[in-house]
Amino acid sequence: MVPVFSQSASVPVRLTDAMRSVFVELLVHGPLSRAEVARRLALSPSALTKVTKPLIEAGYLLEAAGESPATVGRPSQPLRVDASRMAFVGIKLTEDELFAVRTDLRATIQKEVARPLAGHEIDDVRGQIADVVGELTVPGRPLSAVGISLAGTATPSDPVVHTAPFLGWSQLPLAEMVEEAVSVPTVLDNDVRALTAAQQWFGEGVGHSSFALVTVGAGIGCGVVVGDRLVSGRSGATGLVGHLQIDDRGPLCERGHRGCARAYASSPAIRRSIAAALDQPDLTFDDCLAMAAGGHPVARRVFDDAGAALGQVVATVANITGPELVVLSGETVHMYNVCAEAFQAALIRHTHWTTTPVRVVVKPFAFNEWARGAAVAALQHLLLHR
Ligand SMILES: [Zn+2]
């Protein structure tokens, strides 16, 4: 039995494993009838009643009256989680900005803020985080947890950021430092894995025990769920597909690799390639995308190469992990529209010959989803101790 649930609980609830299973099942798949919950979790009706009673009394579960016809002798009212029962703050740190959202239990964003980072000194960043957490806290309704995500090596089971190259941090006990400043349990996660957590419980991953998320934007990232478990790996180092070599005659990445995925498909690399080829250094990524969409041959070639690189990355991830689907997302996923053909051709070419190409779902992206993912990472840690 583990103590969970927030300081905001007026009735403290201690979660048994069975209570946790029922709560997560309803959180992710609810509302569900009692009969359906019992069937899914192989519980007897009386065991289910024993499990749900304290959760209903404490206001975490609601019986949604009127949504199901009553059966003779034993009315069956679907159960659902009261999403407003707990609140989380998710924060995404980039090299120069802090994005934060407050969410409810089902990761619905209620409020969001963005701030430029004053610098990378930890005391400054911690101060900014504390200010934002204060701003997003509703008086009288304490937060259940704060999640912080960043591009780097971090995992919810560890209070230390092992590496965060864009922020120049290594071996930094950020979770403890923030927790001390805001007096709310605080967890860290890699940004792509946190985004994968949000897809797992509240997005395209619902109903799939194995799937992968591949992101494209300033870098190329990957998160993997295998057998309902989000893979964290050693100290959070997983999904490192960005520097996978595509072609040893390709462009150089900033780490000096020739022809890695990042050198082909990250937004800075695409912009740089087109700007250099056309000798127009001021072109933005969006300019380049518009040129490719309009049929400009140089821009088209660069985006086709990027699409092919992404197709190869997705095929490789699928060959290794065998997911039911791959979700393709990230800040520049809208570029898929101009390179879909090259992507699909590479996906087919690099998929192992004994299998069929994985189903790919292209998921439009909004920047606040990074911070929302951090909130879900905190929620999953609270419930599952991930
Ligand atoms: Zn590289």
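The angle between the Cα long axis of helix 267-278 and the longest principal axis of the Cα atoms of the chain comes to about 20 degrees, rounded to the nearest 10. Report the FRET efficiency, 1/(1 + (r/R0)^6), for residue 180 and residue 57, where r is their Cβ-Cβ distance and R0 is 35 Å, rounded to 0.05. Taking R0 as 35 Å, the efficiency between residue 180 and residue 57 is 0.55. The alpha carbons of the range 244-284 occupy a box of 28, 16, 14 Å along the principal axes, longest dimension given first.
Over the chain, dividing the summed -39,500 (n - 2.57) contributions of all DSSP H runs of at least 4 residues by the number of residues returns a 222 nm mean residue ellipticity of -12500 deg cm²/dmol. Averaging the sequence gap over all C-alpha pairs within less than 8 Å and six or more residues apart, then dividing by the number of residues, gives the range 205-362 a relative contact order of 24 percent. Against the chain, whose longest principal axis is taken from its Cα atoms, helix 297-321 shows a tilt of about 40°. A 1.4 Å probe, protein heavy atoms only, puts the accessible area of residue 88 near 0 Å². Our compactness index for the range 205-362, the C-alpha radius of gyration over the empirical 2.2 N^0.38 Å, is 1.03.
Normalised per residue, the accessible area of the chain is 44 Å², obtained with a 1.4 Å probe and no contribution from ligands, DNA or RNA.
Near the amide H of residue 117, within less than 5 Å, lie the amide hydrogens of 97, 98, all on another chain or at least 5 residues away, with H placed in the peptide plane.
Per atom type, the range 205-362 shows carbon and sulfur on 52% of its accessible surface, probed at 1.4 Å. Note on the range 190-288: the alpha carbon radius of gyration divided by the globular reference 2.2 N^0.38 Å gives 1.28. Dividing the C-alpha radius of gyration of the chain by 2.2 N^0.38 Å, with N its residue count, gives 1.07. Computed extension gain for residue 44 through residue 77, at 0.36 nm per residue and net of the alpha carbon distance, reaches 10.2 nm. Qualifying GluC sites (Glu not before Pro) in the range 76-116, where qualification requires a DSSP coil assignment and no more than 14 other C-beta atoms within 10 Å, comprise 95.
In order along the range 91-98, the phi-based Karplus estimate (6.51 cos²θ - 1.76 cosθ + 1.60, θ = phi - 60°) of 3J(HN,Hα) comes to 10, 10, 9, 10, 4, 10, 9, 10 Hz; Gly and Pro are listed as x. Ranking 339, 27, 289 by Cα position along the charge dipole of the chain, where only Lys, Arg, Asp and Glu carry charges on their C-beta atoms, puts 27 farthest toward the positive end. Amide H contacts under 5 Å for residue 361: 326, 327, 328, restricted to partners 5 or more places along the chain or on a different chain, H placed in the peptide plane at 1.01 Å from N. Under a straight-distance cross-link criterion of Cα-Cα below 28 Å, which lysines are reachable from residue 53, leaving out those fewer than 8 residues away in the same chain? Cross-link targets: none qualify.
Dipole orientation for the range 60-187: of the candidates 88, 116, 186, 88 has the Cα lying most toward the positive pole (charges on Cβ; Lys, Arg +1; Asp, Glu -1).
The values are calculated or read from the model by the stated rules, or taken from the named source; none is laboratory data. Here the structure is a predicted model, which means the values were calculated and not measured. Cβ atoms come from the backbone with ideal geometry, glycine included; neighbour counts cover every protein chain shown. Side chains are part of the model used for accessible areas, which takes the heavy atoms of the whole protein and leaves out ligands, DNA and RNA. Shrake-Rupley method; radii C 1.70, N 1.55, O 1.52, S 1.80 Å.
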